[in-house]
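Okay, so here's the structure we're looking at.
The values are calculated or read from the model by the stated rules, or taken from the named source; none is laboratory data. Keep in mind that this is a model prediction, so the values were computed, not measured. Heads up, the Cβs are rebuilt from the backbone with ideal geometry, glycines too, and the neighbour counts pull from every protein chain shown. Note: areas computed on protein heavy atoms with side chains; ligands, DNA, RNA excluded. Shrake-Rupley method; radii C 1.70, N 1.55, O 1.52, S 1.80 Å.
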Amino acid sequence: MRVLIVEDDDIVADAVARGLCAEHWSVKRAASAEAALAALAAGEFDLAIVDVGLPGSDGLSFIRRLRGAGKTLPTLVLTARCTLADRVKALDLGADDFLAKPFEAPELAARCRALVRRAHGAQGGVIKMRRLSIDLAGRRLCIDQQDVELTAREWLMLECLVKRVGLIVSKERLLQALAHPDQEMSANAVEVHVSRLRAKLGEAAVIRSLRGLGYRLEEPGTPP
Ligand code: CA
(Lines give C-alpha, C1' and ligand atoms only; values in the text may rest on other atoms or scores of the structure.)
Protein backbone atom coordinates (compact mmCIF):
# COMPACT_ATOMS: atom_id res chain seq x y z
CA MET A 1 0.00 0.00 0.00
CA ARG A 2 1.22 3.50 -0.78
CA VAL A 3 0.40 6.21 1.72
CA LEU A 4 0.80 9.96 1.37
CA ILE A 5 1.44 11.71 4.69
CA VAL A 6 0.52 15.38 4.56
CA GLU A 7 1.97 16.90 7.73
CA ASP A 8 4.33 19.84 8.30
CA ASP A 9 5.41 18.74 11.79
CA ASP A 10 8.48 16.52 11.28
CA ILE A 11 8.12 14.78 14.64
CA VAL A 12 4.53 13.70 13.95
CA ALA A 13 5.30 12.84 10.30
CA ASP A 14 8.30 10.72 11.41
CA ALA A 15 6.17 8.84 13.95
CA VAL A 16 3.42 8.18 11.40
CA ALA A 17 5.94 7.09 8.76
CA ARG A 18 7.72 4.77 11.21
CA GLY A 19 4.46 3.13 12.23
CA LEU A 20 3.41 2.52 8.64
CA CYS A 21 6.85 1.37 7.45
CA ALA A 22 6.72 -1.24 10.23
CA GLU A 23 3.55 -2.49 8.52
CA HIS A 24 5.51 -2.62 5.24
CA TRP A 25 3.46 0.19 3.76
CA SER A 26 5.30 2.52 1.46
CA VAL A 27 5.23 6.12 2.56
CA LYS A 28 5.69 9.49 0.90
CA ARG A 29 5.69 12.74 2.83
CA ALA A 30 4.47 16.20 1.90
CA ALA A 31 4.78 19.21 4.23
CA SER A 32 2.11 21.35 2.56
CA ALA A 33 -1.11 21.03 0.57
CA GLU A 34 0.73 22.18 -2.56
CA ALA A 35 3.44 19.52 -2.16
CA ALA A 36 0.73 16.91 -1.57
CA LEU A 37 -1.17 17.85 -4.72
CA ALA A 38 2.07 17.61 -6.71
CA ALA A 39 2.77 14.15 -5.23
CA LEU A 40 -0.74 13.00 -6.14
CA ALA A 41 -0.35 14.28 -9.67
CA ALA A 42 2.93 12.35 -10.02
CA GLY A 43 1.96 8.99 -8.52
CA GLU A 44 -0.79 6.72 -7.27
CA PHE A 45 -1.64 6.35 -3.60
CA ASP A 46 -4.00 4.07 -1.70
CA LEU A 47 -4.53 6.47 1.18
CA ALA A 48 -3.73 10.00 2.36
CA ILE A 49 -3.18 10.90 6.02
CA VAL A 50 -3.84 14.63 6.32
CA ASP A 51 -3.05 16.97 9.21
CA VAL A 52 -5.56 19.80 9.61
CA GLY A 53 -2.96 22.40 10.62
CA LEU A 54 -0.79 22.98 7.56
CA PRO A 55 1.04 26.14 6.53
CA GLY A 56 -0.80 28.04 3.79
CA SER A 57 -3.84 26.10 2.63
CA ASP A 58 -4.99 23.90 5.57
CA GLY A 59 -5.73 20.17 5.55
CA LEU A 60 -9.47 20.58 5.12
CA SER A 61 -9.16 22.86 2.10
CA PHE A 62 -6.69 20.35 0.71
CA ILE A 63 -9.32 17.60 0.99
CA ARG A 64 -11.91 19.86 -0.65
CA ARG A 65 -9.52 20.50 -3.55
CA LEU A 66 -8.78 16.79 -3.81
CA ARG A 67 -12.49 15.90 -4.04
CA GLY A 68 -13.05 18.83 -6.41
CA ALA A 69 -10.43 17.32 -8.69
CA GLY A 70 -12.34 14.02 -8.67
CA LYS A 71 -9.80 12.10 -6.54
CA THR A 72 -11.50 9.40 -4.50
CA LEU A 73 -8.61 8.03 -2.48
CA PRO A 74 -9.49 7.49 1.19
CA THR A 75 -8.33 10.22 3.57
CA LEU A 76 -7.68 10.04 7.29
CA VAL A 77 -7.61 13.42 9.04
CA LEU A 78 -5.27 14.03 11.98
CA THR A 79 -6.20 16.83 14.30
CA ALA A 80 -5.46 18.20 17.73
CA ARG A 81 -9.04 19.52 17.99
CA CYS A 82 -11.63 16.85 17.48
CA THR A 83 -15.00 18.35 18.44
CA LEU A 84 -18.21 17.14 16.86
CA ALA A 85 -18.33 20.31 14.71
CA ASP A 86 -14.76 19.63 13.45
CA ARG A 87 -15.68 16.06 12.54
CA VAL A 88 -18.85 17.06 10.74
CA LYS A 89 -17.02 19.74 8.77
CA ALA A 90 -14.25 17.35 7.72
CA LEU A 91 -16.68 14.60 6.73
CA ASP A 92 -18.77 17.11 4.76
CA LEU A 93 -15.66 18.16 2.87
CA GLY A 94 -14.94 14.57 1.89
CA ALA A 95 -12.68 13.16 4.62
CA ASP A 96 -13.26 9.47 5.41
CA ASP A 97 -12.07 9.17 9.00
CA PHE A 98 -10.63 11.07 11.93
CA LEU A 99 -7.90 10.50 14.48
CA ALA A 100 -7.21 12.87 17.37
CA LYS A 101 -3.63 13.68 18.33
CA PRO A 102 -1.91 12.21 20.26
CA PHE A 103 -2.59 8.70 18.97
CA GLU A 104 -0.94 5.30 19.25
CA ALA A 105 0.75 3.72 16.20
CA PRO A 106 -1.34 0.50 16.32
CA GLU A 107 -4.57 2.51 16.25
CA LEU A 108 -3.35 4.54 13.28
CA ALA A 109 -2.40 1.36 11.41
CA ALA A 110 -5.76 -0.25 12.19
CA ARG A 111 -7.67 2.81 10.95
CA CYS A 112 -5.59 2.86 7.77
CA ARG A 113 -6.20 -0.82 7.11
CA ALA A 114 -9.93 -0.33 7.63
CA LEU A 115 -10.05 2.62 5.23
CA VAL A 116 -8.20 0.77 2.51
CA ARG A 117 -10.33 -2.32 3.05
CA ARG A 118 -13.45 -0.19 2.74
CA ALA A 119 -12.11 1.48 -0.40
CA HIS A 120 -11.53 -1.89 -1.99
CA GLY A 121 -15.25 -2.15 -1.52
CA ALA A 122 -17.74 -4.89 -1.89
CA GLN A 123 -15.11 -7.57 -2.33
CA GLY A 124 -13.87 -6.75 1.17
CA GLY A 125 -10.43 -6.18 -0.29
CA VAL A 126 -10.13 -9.77 -1.46
CA ILE A 127 -9.23 -10.28 -5.09
CA LYS A 128 -9.99 -13.70 -6.45
CA MET A 129 -8.43 -15.47 -9.39
CA ARG A 130 -9.12 -19.05 -10.42
CA ARG A 131 -6.67 -20.63 -7.95
CA LEU A 132 -5.55 -17.54 -6.02
CA SER A 133 -7.23 -15.46 -3.37
CA ILE A 134 -5.42 -12.28 -2.34
CA ASP A 135 -6.55 -10.34 0.74
CA LEU A 136 -4.90 -6.95 0.26
CA ALA A 137 -5.78 -5.45 3.62
CA GLY A 138 -5.06 -8.62 5.59
CA ARG A 139 -1.94 -9.33 3.48
CA ARG A 140 -2.82 -12.93 2.88
CA LEU A 141 -2.23 -15.01 -0.21
CA CYS A 142 -3.96 -18.35 -0.62
CA ILE A 143 -3.32 -20.78 -3.45
CA ASP A 144 -5.93 -23.54 -3.65
CA GLN A 145 -7.12 -22.51 -0.14
CA GLN A 146 -3.58 -22.96 1.27
CA ASP A 147 -1.78 -19.97 2.86
CA VAL A 148 1.45 -19.01 1.13
CA GLU A 149 4.09 -16.96 2.99
CA LEU A 150 5.55 -13.99 1.15
CA THR A 151 8.32 -11.58 2.12
CA ALA A 152 7.46 -7.87 2.42
CA ARG A 153 9.01 -7.14 -0.96
CA GLU A 154 7.19 -10.03 -2.64
CA TRP A 155 3.97 -8.62 -1.21
CA LEU A 156 4.65 -5.18 -2.63
CA MET A 157 5.16 -6.70 -6.08
CA LEU A 158 2.09 -8.92 -5.88
CA GLU A 159 -0.04 -6.02 -4.63
CA CYS A 160 0.96 -3.88 -7.62
CA LEU A 161 0.34 -6.66 -10.11
CA VAL A 162 -2.91 -7.86 -8.63
CA LYS A 163 -4.50 -4.40 -8.56
CA ARG A 164 -4.06 -4.39 -12.33
CA VAL A 165 -4.63 -8.06 -12.99
CA GLY A 166 -4.71 -8.70 -16.74
CA LEU A 167 -3.17 -5.28 -17.40
CA ILE A 168 0.43 -4.21 -17.86
CA VAL A 169 2.33 -2.81 -14.88
CA SER A 170 5.43 -0.89 -15.88
CA LYS A 171 8.83 -1.82 -14.50
CA GLU A 172 9.16 1.74 -13.13
CA ARG A 173 5.94 1.33 -11.15
CA LEU A 174 7.21 -1.92 -9.64
CA LEU A 175 10.57 -0.37 -8.83
CA GLN A 176 8.76 2.54 -7.18
CA ALA A 177 6.76 0.08 -5.08
CA LEU A 178 9.92 -1.72 -3.96
CA ALA A 179 11.87 1.44 -3.16
CA HIS A 180 12.61 1.99 0.51
CA PRO A 181 14.28 5.17 1.82
CA ASP A 182 16.77 3.20 3.95
CA GLN A 183 17.84 0.65 1.38
CA GLU A 184 19.67 0.85 -1.92
CA MET A 185 17.85 -0.83 -4.78
CA SER A 186 19.90 -2.77 -7.28
CA ALA A 187 19.15 -2.25 -10.97
CA ASN A 188 17.77 -5.76 -11.34
CA ALA A 189 15.67 -5.72 -8.14
CA VAL A 190 12.41 -6.03 -10.08
CA GLU A 191 13.64 -9.09 -12.03
CA VAL A 192 14.90 -10.70 -8.82
CA HIS A 193 11.61 -10.24 -6.97
CA VAL A 194 9.48 -11.20 -9.95
CA SER A 195 11.39 -14.44 -10.24
CA ARG A 196 10.97 -15.17 -6.50
CA LEU A 197 7.27 -14.41 -6.73
CA ARG A 198 6.94 -16.67 -9.78
CA ALA A 199 8.52 -19.48 -7.81
CA LYS A 200 5.95 -19.03 -5.02
CA LEU A 201 2.99 -18.81 -7.43
CA GLY A 202 4.07 -21.98 -9.22
CA GLU A 203 1.54 -22.89 -11.88
CA ALA A 204 -1.39 -21.16 -10.17
CA ALA A 205 -0.82 -17.82 -11.94
CA VAL A 206 1.52 -16.39 -14.55
CA ILE A 207 3.60 -13.22 -14.37
CA ARG A 208 4.27 -12.52 -18.04
CA SER A 209 7.22 -10.29 -19.01
CA LEU A 210 6.44 -7.92 -21.86
CA ARG A 211 9.68 -6.66 -23.30
CA GLY A 212 10.14 -2.93 -22.81
CA LEU A 213 6.64 -2.57 -21.31
CA GLY A 214 6.61 -4.33 -17.99
CA TYR A 215 4.79 -7.28 -16.45
CA ARG A 216 1.27 -8.66 -16.37
CA LEU A 217 -0.38 -11.04 -13.90
CA GLU A 218 -2.56 -13.55 -15.75
CA GLU A 219 -4.55 -16.71 -15.30
CA PRO A 220 -2.55 -19.70 -16.58
CA GLY A 221 -3.33 -20.48 -20.20
CA THR A 222 -4.20 -16.88 -21.18
CA PRO A 223 -3.21 -16.42 -24.83
CA PRO A 224 -0.28 -13.96 -25.24
CA1 CA B 1 0.63 20.58 11.52
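Identify the single condition in (1) free of Cβ contacts under 8 Å to residues at least 40 places away in the same chain; (2) open to solvent by 40 Å² or more (accessible area, probe 1.4 Å); (3) away from the ligand (no atom under 14 Å from the Cβ) that E44 does not satisfy, given that it satisfies every other one.
(1)
Pairs, please: C-beta under 6 Å, at least 6 apart or cross-chain, first residue among the charged types (D, E, K, R) and in the range 78-99, second open to solvent by 70 Å² or more (accessible area, probe 1.4 Å)?
none
May I ask you to verify whether A95 is within 16 Å of the ligand (Cβ to nearest atom) and either crowded, with 20+ Cβ neighbours inside 10 Å or at pLDDT 85 or above (or both)?
On the way: within 16 Å of the ligand (Cβ to nearest atom): yes; either crowded, with 20+ Cβ neighbours inside 10 Å or at pLDDT 85 or above (or both): yes.
Yes, satisfied.
With (1) closer than 22 Å to D9 by Cα; (2) among the charged types (D, E, K, R); (3) open to solvent by 40 Å² or more (accessible area, probe 1.4 Å) as the list, and D86 as the residue in question, which single condition is left unmet?
Exception for D86: condition (3).
Looking at the range 60-79, is at least one residue within 12 Å of the ligand (Cβ to nearest atom), over 20 Å from A137 (Cα atoms) and open to solvent by 30 Å² or more (accessible area, probe 1.4 Å)?
no
Taking the options R130, R173, name whichever one is touching a residue at least 12 places away in the same chain (Cβ under 8 Å) and crowded, with 16+ Cβ neighbours inside 10 Å. Please lay out each step first, then the result.
On the way: R130 fails: crowded, with 16+ Cβ neighbours inside 10 Å.
Result of the check over R130, R173: R173.
Could you run through the range 193-224 and say how many residues are out of contact with any helix residue (DSSP H, G or I) (no Cβ under 9 Å at 6 or more places or on another chain) and outside any loop (DSSP other than H, G, I, E, B)?
6
Can you work out which of the residues in the range 8-20 that are free of Cβ contacts under 8 Å to residues at least 60 places away in the same chain and open to solvent by less than 50 Å² (accessible area, probe 1.4 Å) is nearest to the ligand (Cβ to nearest atom)? Lay out the reasoning, then the answer.
Start the filter on the range 8-20 by keeping residues that are free of Cβ contacts under 8 Å to residues at least 60 places away in the same chain, which leaves 8-11, 13-14, 17.
Still in the list and also open to solvent by less than 50 Å² (accessible area, probe 1.4 Å): 13, 17.
Details: A13: 9, A17: 15 Å.
Only one residue fits best here, namely A13.
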